[in-house]
1. Out of Thr176, Thr102, Thr145, which single residue is at pLDDT 95 or above and not assigned by TED's automatic domain parsing to the domain that holds Ala22?
2. Which numbered condition in (1) more than 26 Å from Ile165 (Cα to Cα); (2) surrounded by fewer than 21 Cβ atoms within 10 Å (Cβ to Cβ) is the only one that Ala74 fails?
3. Among (1) touching a residue at least 40 places away in the same chain (Cβ under 8 Å); (2) under 20 Å from Arg36 (Cα atoms); (3) touching a Ser or Thr at 6+ places or on another chain (Cβ under 9 Å), which single condition is Gln200 missing?
4. How many residues are closer than 16 Å to Thr19 by Cβ, out of contact with any Asp or Glu (no Cβ under 6 Å at 6 or more places or on another chain) and surrounded by fewer than 21 Cβ atoms within 10 Å (Cβ to Cβ) if we restrict to the stretch 94-117?
5. Identify the residue in the stretch 215-230 that is in contact with an Asp or Glu (Cβ under 9 Å, 6 or more places away or on another chain) and within 27 Å of Pro134 (Cα to Cα) and, among all such residues, is surrounded by the fewest Cβ atoms within 10 Å (Cβ to Cβ).
6. Among the residues of the stretch 118-158, write down those that are under 16 Å from the mean Cα position of the chain (by Cα), surrounded by fewer than 18 Cβ atoms within 10 Å (Cβ to Cβ) and part of a loop (DSSP other than H, G, I, E, B).
7. What number goes with the only condition from (1) under 17 Å from the mean Cα position of the chain (by Cα); (2) surrounded by fewer than 20 Cβ atoms within 10 Å (Cβ to Cβ) that Ile165 does not pass?
8. Would you tally the residues in the stretch 159-174 being in contact with a strand residue (DSSP E or B) (Cβ under 8 Å, 6 or more places away or on another chain), without any contact (Cβ under 8 Å) to a residue 60 or more places away in the chain and part of a loop (DSSP other than H, G, I, E, B)?
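The values are calculated or read from the model by the stated rules, or taken from the named source; none is laboratory data. Since the structure is predicted, the reported quantities are computational estimates derived from the model, not experimental observations. Cβ sites come from the backbone with ideal geometry, for glycine too, and all protein chains shown count toward neighbours.
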Amino acid sequence: MSGIVYIVGAGPGDPELITVKALRILKSADVVVYDRLISKEILEGLSAELIYVGKEIGDAPLQEKINQLLVEKAKGGKKVVRLKGGDPFVFGRGEEECIYVTSKGIKCEVIPGVTSAIAVPEYAGIPVTSRVVPNSSGFTVITGTTRDGGLISDDYIPKRGTVVILMGIHVIDELTKVLLKVRNAEEKVAIIEKGTTRDQRVILGELEQLPDLVKKYNIKSPAVIVVGEVVTLMELVGFKNENLRK
């Protein structure tokens, strides 16, 4: 008898931001296949077999092995959780894994997670939309590179509104050039490293300064970049998030 695969979002970093349903599924799992950015606190006390499959950007061969592992464990009658950071369907490849699993005759269920695209800016005091500042009635979430590893096109960059960029630090020089084709060089930006965690850092500047800021402050992944007038709200309200875990 075949088991089931759950594609589960663990949230943006702070372990307390995982959903109640995700925790319930985790506690009853036989196998948990988890990513690099999953907090150790989420995994503590689980009785399941824990399998680490953390991968770097563009590691396609490992993704194929992950797909096969999920099917192998589920065919053995196991209740398998594929635990991913953020939300599994926001640049998380969760849909690819679900498609593969179901193509092999295995049932798959998706448990949404709190996406870092919204939560990380919010923890820094930056709303992705606002009625307080102009040109902030919508937001666009993009990734730094395409599926084949190429640079994202400026066709994806809106002329107005907030732009939230995930997984863009490794191509920051080229990405900034793409952004500058559409957006103002003096537009406000925020770089939020390790958002929602005790190690969170927020660096503010202007769009044309992005590469220099990343180098100056030695910004590493995971980091979220926010472009737009909403960034000014952090300074306006003197925001300090007391919810950051100590």
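1. Numbers: Thr102 fails: not assigned by TED's automatic domain parsing to the domain that holds Ala22; Thr145 fails: at pLDDT 95 or above.
Going through Thr176, Thr102, Thr145 in turn, just one is at pLDDT 95 or above and not assigned by TED's automatic domain parsing to the domain that holds Ala22: Thr176.
2. (2)
3. (3)
4. To start, the set of residues in the stretch 94-117 that are closer than 16 Å to Thr19 by Cβ comprises 94, 109-116.
The next check asks that each one be out of contact with any Asp or Glu (no Cβ under 6 Å at 6 or more places or on another chain); those that pass are 94, 109-111, 114, 116.
From the residues that got through so far, the ones that are surrounded by fewer than 21 Cβ atoms within 10 Å (Cβ to Cβ) too are 109-110.
Total meeting the criteria: 2.
5. Of the stretch 215-230, the ones in contact with an Asp or Glu (Cβ under 9 Å, 6 or more places away or on another chain) are 217, 219-224, 227-229.
Within this subset, residues satisfying the condition of being within 27 Å of Pro134 (Cα to Cα) are 223-224, 227-229.
Values: Ala223: 23, Val224: 31, Val227: 27, Gly228: 29, Glu229: 17.
So the residue we want is Glu229.
6. Thr146, Arg147
7. Checking Ile165 against (1) under 17 Å from the mean Cα position of the chain (by Cα); (2) surrounded by fewer than 20 Cβ atoms within 10 Å (Cβ to Cβ), the one that fails is (2).
8. Total satisfying the criteria: 1.
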